[in-house]
Each structure stands twice: as structure tokens, then as C-alpha cells.
1. Just need a number here: residues in segment B:118-127 that are open to solvent by less than 30 Å² (accessible area, probe 1.4 Å) and away from chain A (no Cβ under 13 Å).
2. Only one of B:Glu76, B:Glu87, B:Glu96, B:Glu35 is under 26 Å from A:Lys69 (Cβ atoms) and of a type in the set (D, E, K, R); which?
3. I'd like to know if segment A:98-108 contains one or more residues that are without any contact (Cβ under 8 Å) to a residue 60 or more places away in the chain, within 30 Å of B:Ile26 (Cα to Cα) and either in the same structural domain as A:Gln17 (by TED's automatic domain parsing) or surrounded by fewer than 20 Cβ atoms within 10 Å (Cβ to Cβ) (or both).
4. From the list B:Val84, B:Val130, which one is at pLDDT 95 or above and open to solvent by 20 Å² or more (accessible area, probe 1.4 Å)?
5. Which ones in segment A:113-136 are more than 30 Å from B:Val85 (Cα to Cα), open to solvent by less than 40 Å² (accessible area, probe 1.4 Å) and out of contact with any Phe, Trp or Tyr (no Cβ under 7 Å at 6 or more places or on another chain)?
6. Any chance you could count how many residues in segment A:82-96 are surrounded by fewer than 20 Cβ atoms within 10 Å (Cβ to Cβ), free of Cβ contacts under 8 Å to residues at least 24 places away in the same chain and not basic (Lys, Arg)?
7. Take segment A:12-56 and flag every residue that is among the basic types (Lys, Arg), open to solvent by 70 Å² or more (accessible area, probe 1.4 Å) and more than 21 Å from B:Thr65 (Cα to Cα).
8. Got a number for residues in segment A:121-153 being within 30 Å of B:Gly61 (Cα to Cα) and more than 7 Å from every other protein chain (Cβ to nearest Cβ)?
Amino acid sequence: MKKEINAADVKLMTELQGSIPMSKRPFKEIANKLKMTEDEVVEKVQSYGNKKYYRRFGATLRHQKAGFKANGMVIWSVPDESMRTKIGERLASHREVSHGYERPSFDEWPYHIYTMVHGETEAEVRGIAKQMSAEVGITDYDVLFSTREFKKTSMRYFDNWPVCE
Amino acid sequence: MDNTDKQILNMIQTGFPVVAEPYVAIGRSVGISEEEAYQRVMELMESGIIRRLGASFDSRGLGWTSTLCTMCIPPEKIEKCASVVSEHPGVTHNYERDHKFNLWFTYIAPDKDTVSKTLKEIESKTGYKVYNLPMIKKFKIKVDFQFD
């Protein structure tokens, strides 16, 4: 948790973590609410971006509605540690891959690389994974689909900010 | 959704203009008026194609820590265990996958000590081991889907 983030920042960022107001002057509405000027708000919001507090300022789409129906987590076993970066980058370079990570493995969970693969159907996602497998020569992989969602929210950092003096 | 909508979405997914009059900027960039740009974004929000318009905060940028966890739960107990996990406000996604490792969740906390504390608490409440899988390396993040 960054110490330089003060109570005023937390208040302003609270307004940005959901949806900004539907208005032609959304930052003016926020400014009015927080008793700031529109310029101050715009400048602060830009500075949060420059400081990388947020990755992106923009629209988050409902992917399902936009046409991506099947999302598979493809996990890869790459026991040779020295090969992981090269293989991970190659796997992640696919157009259908949105995220690629290396994560720790366990004896009973021997996977090292995780790629999220998106397609129209589960069969399409499995097909893409098969192609990826042939490309990098890793045959020990699995494709996991989610079968039930228990919780899905955006993190509300600023409701849960520990110290706010 | 016509071509102009797609152009707007491609633009505002990556960057909604952080300026006093954002719809003037959007209109200019796709060749329509401020009024039309505003109406179109409002319709995309109302129809639910846009889920949210705001900042995607970064746990690392804010100095927080995030992780992915998994558990092996007997299928008949998964709902009960899932609700123990979901109780925590830092658990943002919690879902079942078609595998022996069937419960998966992401967890975000102000620091690593809080992560260990929470995961231990989940283990003691459910009686099952939590496998903590924090990122070692990121290969790529691409959250926007471009429309052709």
C-alpha cells in the first residue's frame, strides 16, 4: 500500500472505481460532489494514470455480450525452468490469449505457465490450445473451463483502504 | 452495433479521454458530433455492452498485492467452502473449474502479511489446503478486444 496516497486521493479515487457519471462533463460532476474544481479533478485523474495507480481509464465491456463465449484457462507444465520465459512469451503472443503468467508449482499441481484463451466455443479454445502445444512442443497441458461462478466483482480498494487519516 | 459504435468502443476501451469535455474528443476522433458521441456511449451503457466506465486500478500500482489461489474440495462441500472464501472483500473472483483442483479465487490485500493471514483463516475454517499461486512473471496482458 503506497504511503503517499492521502485521504483526498482516496475520496477522489472512490469516484473512479465504479462508473463515472453519465454526463458530457463527468469530471465536473465529480468536482462538484467533492468541492473541487474541474481542472483539479482532471489533473489529479491524469496524474494517477502517470503514477500507474490505474492501468487503464476507459470502458470495460461485457465480453460475453461482445461475442467471446468460451474462456479457458490453459495450464502448461514446463519442468525446465530455463525454458519458461521463452515458452511463456511464445504462448502469450497468440491473438486469442489475453493473459499469460508464470506461477509456482506444487508436487500435486505441476503446472508453471497459465494462459487465458478466448474463443466462440469450448471446442475452439481446445483447438487453439492444441495448436499452441504443437508450436512450443509442450504436451503436458490441460484446459480448464469455469463451470460455476460464486463471486465476480471489481476490487473496491478505496472502501477497504486500511489507514485514511 | 454499427461501425461507428465499434470505432468508439475500440477507442474508449483503451483510453477514455481524461479531459474536461471527453465526448468532444471522442466525436472528433471518429468524425461525429459531441452530442452523437455522447448518445452512442449512453446507449452502449444502457444496452449493457459497456459494463463500466472508469479506472481499472492496479493492485501493484497502488502498492497492494494480489494472488490466485486454488483448493481441492469434495464436490458436495464446494458451495459451503466457496461461501467461506467469498466472505472476504479482497476476493474479487471465485469460481468452480472442471478439475480435481475445483475452487479458484483471486485475492487482493494491502500487503503480504494480510494475504497469509487470510489464507490461513480460510484453511482453518474449511479444513482444506489453499494453494497460493502468486504471479512470478507476467508474459502479456491484453484486456481489450479489438473489433474488426
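1. So the first thing to find is which residues in segment B:118-127 are open to solvent by less than 30 Å² (accessible area, probe 1.4 Å), and the list is B:118-119, B:122, B:126.
With the extra rule that they be away from chain A (no Cβ under 13 Å), the set shrinks to B:119, B:122, B:126.
Looking only at that region, the number is 3.
2. Of B:Glu76, B:Glu87, B:Glu96, B:Glu35, the one residue that is under 26 Å from A:Lys69 (Cβ atoms) and of a type in the set (D, E, K, R) is B:Glu96.
3. yes
4. B:Val84
5. Hits for segment A:113-136 are A:Gly127, A:Ile128, A:Met132, A:Val136.
6. Total satisfying the criteria: 5.
7. From segment A:12-56, those among the basic types (Lys, Arg) are A:24-25, A:28, A:33, A:35, A:44, A:51-52, A:55-56; that's our starting set.
Then keep just the ones that are open to solvent by 70 Å² or more (accessible area, probe 1.4 Å); that gives A:25, A:28, A:33, A:35, A:44, A:51-52, A:55.
A:Arg25, A:Lys28, A:Lys33, A:Lys35, A:Lys44, listed by residue number.
8. Of the residues in that region, 0 qualify.
The values are calculated or read from the model by the stated rules, or taken from the named source; none is laboratory data. Keep in mind that what you see is a predicted model, and the values were worked out from it rather than measured. All Cβ positions, even for glycine, are placed from backbone atoms using ideal geometry, and neighbour counts span all protein chains on display. What goes into the accessible areas is simple: the full protein's heavy atoms, side chains included, and nothing from ligands, DNA or RNA. Shrake-Rupley method; radii C 1.70, N 1.55, O 1.52, S 1.80 Å.
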